[in-house]
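Undergrad: Please see the structure below; I have some questions.
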Amino acid sequence: MRPLLFLFFSCLAGPALGQAAPPAMPPTPSSSVQAYALRLRPGDDLRQQVLAFVAAHHLEAGAVLTCVGSLTDVSLRLANQEAATHYHGHFEIVSLVGTLSASGGGHLHLAVADSTGRTLGGHLLDGCRVYTTAELVLGALPALRFEREKDATYGYNELVVKPAPARSRKKP
């Protein structure tokens, strides 16, 4: 039992002698959070409504804090796929996460469960229709600005976190 505990605590202590420490993450600006709560109604398009809210409130940096509800239609871009995959039925929203920006749109991932508990997930696309409700809490980060820039690694537009211009740091 003693060697196992030693190994466990050695791993917590950091890299072994002669091994390089992992590179430090560059510091990023921080911000307070302003929360917004909203409820979507039956028939609303989940993605379109979230992005419309972000645009109407001029949120330049935000995140989905939580979302629960149900959908009848689900449109996702699954991992490593180019085309959308569509599902029809009754689904519970078990997770919606992502970053939001009025200038850069949103990078949102949705997970839903069907009546058997089978869970599906991927990039949220237009066409996800609310069944009974979708209850969301969105967080705005007024001191930040989220932009998207092409990353040379894979060629996708990826998140770049910047301080918001001084004039736009007012509370939303």
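The values are calculated or read from the model by the stated rules, or taken from the named source; none is laboratory data. Note that the structure is predicted; figures quoted are calculated from it, not measured. Note that each Cβ is placed from the backbone with ideal geometry, even for glycine, and that neighbours are counted across all protein chains shown.
Undergrad: Kindly indicate the residue of the range 55-90 that is surrounded by 20 or more Cβ atoms within 10 Å (Cβ to Cβ) and β-branched (Val, Ile, Thr) and also nearest to Phe146 (Cα to Cα) among those meeting that condition.
TA: Applying the filter and picking the extreme gives Val64.
Undergrad: Mind counting the residues in the range 104-142 that are at pLDDT 95 or above, of a type in the set (Gly, Ala, Ser) and not in a strand (DSSP E or B)?
TA: 3
Undergrad: Just give me the residues in the range 27-69 being closer than 24 Å to Glu92 by Cα, among the small types (Gly, Ala, Ser) and more than 18 Å from the chain's Cα centre (by Cα), in sequence order.
TA: Within the range 27-69, Gly43 is the sole residue that qualifies.
Undergrad: So, in the range 125-163, how many residues would count as being under 15 Å from the mean Cα position of the chain (by Cα) and under 12 Å from Thr99 (Cα atoms)?
TA: Count: 11.
Undergrad: Any residue that is more than 20 Å from Pro165 (Cα to Cα), in contact (Cβ under 8 Å) with a residue 60 or more places away in the chain and either not acidic (Asp, Glu) or not in a strand (DSSP E or B) (or both) - is there at least one of those in the range 70-93?
TA: The answer is yes, given that some residue of the range 70-93 is more than 20 Å from Pro165 (Cα to Cα), in contact (Cβ under 8 Å) with a residue 60 or more places away in the chain and either not acidic (Asp, Glu) or not in a strand (DSSP E or B) (or both).
Undergrad: For the range 115-170, which positions are free of Cβ contacts under 8 Å to residues at least 24 places away in the same chain and out of contact with any Lys or Arg (no Cβ under 9 Å at 6 or more places or on another chain)?
TA: Across the range 115-170, the qualifying residues are Thr116, Gly117, Arg118, Glu149, Lys150, Asp151, Ala152, Thr153, Tyr154, Gly155, Ala166, Arg167.
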